[in-house]
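Following: one structure in structure tokens, then a few remarks.
Just so you know, all these numbers are worked out from the coordinates, no wet-lab data involved. What you see is a predicted model; the values in this text were computed from it and never measured. Backbone-built Cβ (ideal geometry, glycine too); neighbour counts: all protein chains shown.
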Amino acid sequence: MADNHHKVIIIGSGPAGLTAAIYASRANLNPIIFEGNQPGGQLTITTEVDNYPGFKEGIQGPELMDIMREQATRFGAKAYFKAALKVDFSEKPFKITTDDDENYTADSVIIATGASARLMGIPSESEYMGFGVSACATCDGFFYKEKKVIVVGGGDTAMEEATYLTKFASEVILIHRRDEFRSSKIMEERARKNPKVKFMTSYVIDEVLGTTNMMGQKSVTGARLKSTKDGSTTDIDVDGIFVAIGHSPNTKVFGDQLDKDETGYLETKPGSTITNIEGVFAAGDVTDKTYRQAITAAGTGCMAALDAQRYLEDNEIA
């Protein structure tokens, strides 16, 4: 067990987790990272990333995460392709069991498990994810200038993303399975007043339609819509599909040990990454239901490492 004890264990390997690892390793804290089931987080299913500072020509999402990982390991962090299966924050040192039945202990833990976009759950959605299907209008809207796109959803997120996409797209079709929307009236009215937004209610996407060129590159060409009233289908031509049916924070493994808000996101003390348990910190999308950007996640990852370093020094552990 002594070999499996660490000053800092980071759970999660997206921009927040890897930035925390860079800062913690440069502080000689020798962190280890449990990368989880999706090393690199949601950016690994994103193609072009044009809004992350420092890459004037843009960069592929998986490549950006590889660079971050290499930067962290260059300073001494160690990354393991493991997921936290069970955690015990009831006493110190904290205990973590991974999915390969290894037991670890830590003086401090940084949680950067992120949030997962809720998806439609059809095979063609996965096939074209990153190739015309997206779960982030802010990330990918720029690539749809003068193009026709679909937004799927009926809440505030869907209305907000539909309105945002009108800055680029020539037409935005909002698809919702019901006649009425769950969004606030003010958000719905804002979308309805926009001449570029069209509404198709009582429909779901039955299949994403697309093509593969001679170079093997996939692209979305349309969608097959299915009526939730009579089951009939109709095909429409579109260039992109944005799924906006919400996100779920990845917090199941922590149970009720950490304070959460009403939607399940971890709560931290204002202006910090400090949770309700001393020595446990949270960063990135697992705490953020507002911005959900790589750059904001990276910023809070930096904060978490500094908070952890300060905690360890104050307790004469560092």
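Can you give the relative contact order of the stretch 119-243 as a percent, counting alpha carbon pairs under 8 Å and 6+ residues apart?
RCO, the stretch 119-243: 30 percent.
What is the local net charge at ILE205, summed over the other residues whose Cβ is closer than 10 Å to its Cβ (Lys, Arg +1; Asp, Glu -1)?
With Lys, Arg at +1 and Asp, Glu at -1, the neighbours total 0.
Please report ILE274, ILE175 as a ranked list, fewest other C-beta atoms within 10 angstrom at the top and most at the bottom.
ILE274, ILE175
If we sort 132-140, 224-232 on the protection proxy, mean other Cβ atoms within 10 Å, highest first, what's the order?
132-140, 224-232
Taking the number of other C-beta atoms within 10 Å as the exposure measure, put PHE168, PHE242 in order starting with the fewest.
The fewest-first ordering by Cβ neighbours comes to PHE168, PHE242.
Cβ neighbours within 10 Å, averaged per peptide: list 279-288, 103-112, 68-77 in order, most packed at the top.
279-288, 103-112, 68-77
Amide H to amide H, which residues 5 or more places from ILE241 or on other chains are under 5 Å from it, using H placed in the peptide plane?
Sorted by chain and number, the residues that satisfy this are VAL133, SER134, ILE150.
Taking a Cβ-Cβ separation under 4.7 Å as the criterion for a possible partner, which cysteines of the chain have none?
If one checks each Cβ against the other cysteines of the chain, CYS302 turn up with nothing under 4.7 Å.
Just check the stretch 119-243 against the gyration tensor rule for me: Cα atoms, a ≥ b ≥ c as the square roots of the eigenvalues, rounded for a/c under 1.5, and otherwise prolate or oblate depending on whether a/b exceeds b/c.
Oblate, since a/c reaches 1.5 and b/c is not below a/b.
Treating the beta-carbon of each Lys and Arg as +1 and of each Asp and Glu as -1, no other charges, what is the dipole magnitude of the chain about its Cα centre, to the nearest 20 debye?
800
Suppose only helical runs count, i.e. DSSP H with n ≥ 4. What mean residue ellipticity at 222 nm does that imply for the chain under -39500 (n - 2.57) per run, divided by all residues and rounded to the nearest 500 deg cm²/dmol? Kindly include the intermediate steps, with their values, before the conclusion.
Details: 7 runs with 75 residues, N = 318.
Calculated mean residue ellipticity at 222 nm is -7000 deg cm²/dmol.
Taking the DSSP beta bridges in the stretch 119-243 as the whole, what percent of them are antiparallel, to the nearest 5?
So the antiparallel bridges amount to about 45 percent of the total.
When a footprinting reagent is the concern and you count Cβ atoms within 10 Å, what order do LYS78, LYS95 take, fewest first?
LYS78, LYS95
Skipping prolines and chain starts, which residues have an amide H placed within reach, meaning under 5 Å, of the one on LEU85, given they are 5 or more residues away or on another chain?
THR97, THR98, ASP99
Pull up the DSSP beta bridges for the chain and report the antiparallel fraction as a percent, rounded to 5.
On the way: 29 of 61 bridges.
Percentage antiparallel, nearest 5: 50.
What does the charge add up to near THR251, with Lys and Arg as +1, Asp and Glu as -1, over the other residues with Cβ less than 14 Å from its Cβ?
Values: positive: LYS86, LYS252, LYS260, LYS289; negative: ASP256, ASP259, ASP261, GLU262, GLU267, ASP285, ASP288.
The answer is -3.
Measure out, as a whole number of angstrom, how far apart the alpha-carbon centroids of the stretch 239-306 and the stretch 161-187 sit.
Between the Cα centres of the stretch 239-306 and the stretch 161-187 lies a distance of 26 Å.
Check every DSSP H run in the chain and write down those whose alpha carbon atoms cover 15 angstrom or more along the long axis and whose mean Kyte-Doolittle hydropathy is -1.0 or greater.
Numbers: long enough: 15-26 (17 Å, 0.52); 61-74 (20 Å, -0.84); 294-314 (30 Å, 0.25).
Span-like helices in the chain: 15-26, 61-74, 294-314.
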